[in-house]
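Every read-out reported here was derived from the displayed coordinates using simple, explicitly stated rules and does not represent laboratory data. As the structure is a computational prediction, the values presented were derived from the model and not from experiment. Note that we place each Cβ from the backbone using ideal geometry, even for glycine, and neighbour counts take in every protein chain shown.
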Amino acid sequence: MMIWMKISSANIRLAREAFDRATKLPTEFVEEMAKHRSRALISWTEAKGEGRFLNFP
């Protein structure tokens, strides 16, 4: 039962954080952040495959 409570608490905390992020930040900022995160992930994946880690200080 204790593990279930920890998992439930973590899920509630994560849901609250997502809700806060979605409702407290300006829409334009959230959209720009999502674009940058997507580009960064693509760049990281390419750099990782090529061993170019210096691009990410």
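Which of ALA40, ILE7, PHE19 sits farthest toward the positive end of the charge dipole of the chain, with +1 on the Cβ of Lys and Arg and -1 on the Cβ of Asp and Glu?
Highest projection toward the positive end goes to ILE7.
Could you please rank MET5, MET33, placing first whichever residue has the fewest other Cβ atoms within 10 Å of its Cβ? Don't skip to the end; give the middle numbers.
Values: MET5 9, MET33 12.
Taking fewest neighbouring Cβ atoms as first place, the list is MET5, MET33.
For the chain, which chymotrypsin sites (Phe, Trp or Tyr not before Pro) are both in a DSSP coil and crowded by at most 14 other Cβ atoms within 10 Å?
Taking the chain and a limit of 14 other Cβ atoms within 10 Å, no loop chymotrypsin sites (Phe, Trp or Tyr not before Pro) are found.
Treat every Asp and Glu Cβ in the chain as -1 and every Lys and Arg Cβ as +1, leave all other atoms uncharged, and give the resulting dipole magnitude about the Cα centre to the nearest 20 debye.
Details: 10 positive and 7 negative charges, 46 e Å.
Here the size comes out at about 220 debye.
What Kirkwood hydrodynamic radius, in Å, does the chain give when the mean of 1/r is taken over all pairs of distinct Cα atoms and then inverted?
14.2 Å
Count charges around LYS24 for me, please; just the other residues with Cβ under 14 Å from its Cβ, Lys/Arg as +1, Asp/Glu as -1.
-1
Once both axes come from the Cα atoms, what is the angle between helix 2-24 and the longest principal axis of the chain, in degrees from 0 to 90, rounded to 10?
So the inclination is approximately 60 degrees.
Obtain the nm distance between the two label points defined at TRP4 and TRP44 by a simple spin-label model: each point lies 7 Å from its Cα along the Cα-to-C-beta direction.
It works out to 3.5 nm between the two label points.
So what's the angle, to the nearest 10 degrees on a 0 to 90 scale, between helix 27-50 and the longest Cα principal axis of the chain?
Helix 27-50 sits roughly 60 degrees off the main axis of the chain.
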